[in-house]
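Colleague: One structure coming up, written as structure tokens, with questions to follow.
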Amino acid sequence: MDARQMKIKAAEAALEYVENGMRLGIGTGSTAEEFVRLLAEKVASGFKITGVPTSERTARLCLELGVPLKSLDELPELDLTIDGADELDEKLRLIKGGGGALLREKIVASASARMIVIADESKVVDVLGAFKLPIEVNPFGQVATRLAIEKVAARLGLTGDIVVRAAGDGPFMTDGGHLILDASFGRIPDAEALAAELNAIPGVVEHGLFIGMASMAVIAGPQGARKLTAS
């Protein structure tokens, strides 16, 4: 089973938790896109849901495939969000934001009664941090913000480069018009402490640590899909 097949398996298993008539948050990324394709097939056969996308990219795919959408302002309380993750541990702490949509992903997940993560086995780690931590920042004062993040990291014993994400000849810009700093910490032993410190920095709009948000993960591997709940 190759990587795409595992993503499809995870998406198929998660789709079983989507009920007719649900208000559904729809995530961003390659695994979430497999979920959208499967969801669109059910919608085409008469299944009723209303989706709220976490990015312009997801919105375009949903509209292309006929998945009905509303904005979060139109539908501010959701039953379920299904989204991918760049890393997760056994306590369902996540790193998200590799696709650049972490702010909207976190807002949508927070507006949902439940969040289910879909991923393949390669995303499950003992300690978060091998994947670069995305930190969304306001362009104004970005250097000062980066220095503040470096000081926080040093206090917590974290090292590694913190760089502005690039796209083509310039910086990557999020859907909200912000920059992303990618922090190569390697290991984050105390994700809760880092999240709290980052939240206190004025120039940080949001960060990719999703803690206490996912209620379950569907993990696909060569032998099929398994469910993971917070330990």
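Colleague: When only residues in region 119-166 that are polar (S, T, N, Q) and within 20 Å of the chain's Cα centre (by Cα) count, which is farthest from residue 29 (Cα to Cα)?
Modeller: It comes out as 138.
Colleague: Do we find a residue being open to solvent by 50 Å² or more (accessible area, probe 1.4 Å) and closer than 26 Å to residue 229 by Cα anywhere in region 84-94?
Modeller: Yes, region 84-94 contains a residue that is open to solvent by 50 Å² or more (accessible area, probe 1.4 Å) and closer than 26 Å to residue 229 by Cα.
Colleague: If you don't mind, another one. Name every residue in region 1-20 that is touching a strand residue (DSSP E or B) at 6+ places or on another chain (Cβ under 7 Å) and either open to solvent by 30 Å² or more (accessible area, probe 1.4 Å) or farther than 14 Å from residue 82 by Cβ (or both), in order of residue number.
Modeller: From region 1-20, those touching a strand residue (DSSP E or B) at 6+ places or on another chain (Cβ under 7 Å) are 3, 6-7, 9-11, 13-14, 17-18; that's our starting set.
Within region 1-20, 3, 6, 7, 9, 17 qualify.
Colleague: Scan region 10-38 for residues that are on the phi > 0 side of the Ramachandran plot and touching a Lys or Arg at 6+ places or on another chain (Cβ under 8 Å) and report the count.
Modeller: Filtering region 10-38 for residues on the phi > 0 side of the Ramachandran plot gives 21, 29.
Checking the rest, the ones that are also touching a Lys or Arg at 6+ places or on another chain (Cβ under 8 Å) come to 21.
So the answer is 1.
Colleague: I'd like to verify a number: residues in region 111-133 that are outside any loop (DSSP other than H, G, I, E, B) and under 26 Å from residue 77 (Cα atoms), how many?
Modeller: Of region 111-133, the ones outside any loop (DSSP other than H, G, I, E, B) are 112, 115-124, 133.
Then keep just the ones that are under 26 Å from residue 77 (Cα atoms); that gives 112, 115-119.
The total comes to 6.
Colleague: I've got another one for you. Would you mind stating whether residue 225 is open to solvent by 10 Å² or more (accessible area, probe 1.4 Å), part of a strand (DSSP E or B) and either of a type outside the set (S, T, N, Q) or under 22 Å from residue 3 (Cα atoms) (or both)? Walk me through how you get there before you give the answer.
Modeller: On the way: open to solvent by 10 Å² or more (accessible area, probe 1.4 Å): yes; part of a strand (DSSP E or B): yes; either of a type outside the set (S, T, N, Q) or under 22 Å from residue 3 (Cα atoms) (or both): yes.
Spelling it out, residue 225 is indeed open to solvent by 10 Å² or more (accessible area, probe 1.4 Å), part of a strand (DSSP E or B) and either of a type outside the set (S, T, N, Q) or under 22 Å from residue 3 (Cα atoms) (or both).
Colleague: Do we find a residue being without any contact (Cβ under 8 Å) to a residue 40 or more places away in the chain, part of a loop (DSSP other than H, G, I, E, B) and under 18 Å from the mean Cα position of the chain (by Cα) anywhere in region 93-110?
Modeller: No, region 93-110 has no match at all.
Colleague: Further, regarding this structure: Scanning for something closer than 19 Å to residue 207 by Cα, of a type in the set (D, E, K, R) and open to solvent by less than 40 Å² (accessible area, probe 1.4 Å), does region 125-132 turn up at least one residue?
Modeller: So far as region 125-132 goes, no, none of its residues is closer than 19 Å to residue 207 by Cα, of a type in the set (D, E, K, R) and open to solvent by less than 40 Å² (accessible area, probe 1.4 Å).
Colleague: Report whether or not residue 151 is open to solvent by 20 Å² or more (accessible area, probe 1.4 Å), part of a strand (DSSP E or B) and not assigned by the TED database to the domain that holds residue 105. So that I can check it myself, show each step before the final result.
Modeller: Values: open to solvent by 20 Å² or more (accessible area, probe 1.4 Å): yes; part of a strand (DSSP E or B): no; not assigned by the TED database to the domain that holds residue 105: yes.
Criteria not met by residue 151.
Colleague: Something else about it: Out of (1) out of contact with any Lys or Arg (no Cβ under 8 Å at 6 or more places or on another chain); (2) in contact (Cβ under 8 Å) with a residue 24 or more places away in the chain; (3) open to solvent by 10 Å² or more (accessible area, probe 1.4 Å); (4) assigned to a loop (DSSP other than H, G, I, E, B), what's the single condition that is false for residue 75?
Modeller: (1) is the only condition that residue 75 fails.
Colleague: Within region 95-104, track down each residue that is charged (D, E, K, R) and open to solvent by 10 Å² or more (accessible area, probe 1.4 Å). Walk me through how you get there before you give the answer.
Modeller: Here is the first cut: in region 95-104, the residues charged (D, E, K, R) are 96, 104.
Once the filter is applied, which keeps residues that are charged (D, E, K, R) and open to solvent by 10 Å² or more (accessible area, probe 1.4 Å), region 95-104 yields only 104.
Colleague: Condition first: within 20 Å of residue 99 (Cα to Cα), open to solvent by less than 60 Å² (accessible area, probe 1.4 Å) and among the acidic types (Asp, Glu). Can you find one or more residues in region 25-33 that meet it? Can you show your working first?
Modeller: Filtering region 25-33 down to residues within 20 Å of residue 99 (Cα to Cα) leaves 25-33.
Retained after the next criterion (residues that are open to solvent by less than 60 Å² (accessible area, probe 1.4 Å)): 25-33.
Right, trim to among the acidic types (Asp, Glu) and you get 33.
Yes, that holds for at least one residue.
The values are calculated or read from the model by the stated rules, or taken from the named source; none is laboratory data. Because the structure is predicted, anything quoted here is derived from the model rather than measured. When we count neighbours, we look across all protein chains shown, and the Cβ atoms used for this are built from the backbone with ideal geometry, even at glycine. To get the accessible areas, we keep the full protein, side chains included, count just its heavy atoms, and leave off ligands, DNA and RNA. Shrake-Rupley method; radii C 1.70, N 1.55, O 1.52, S 1.80 Å.
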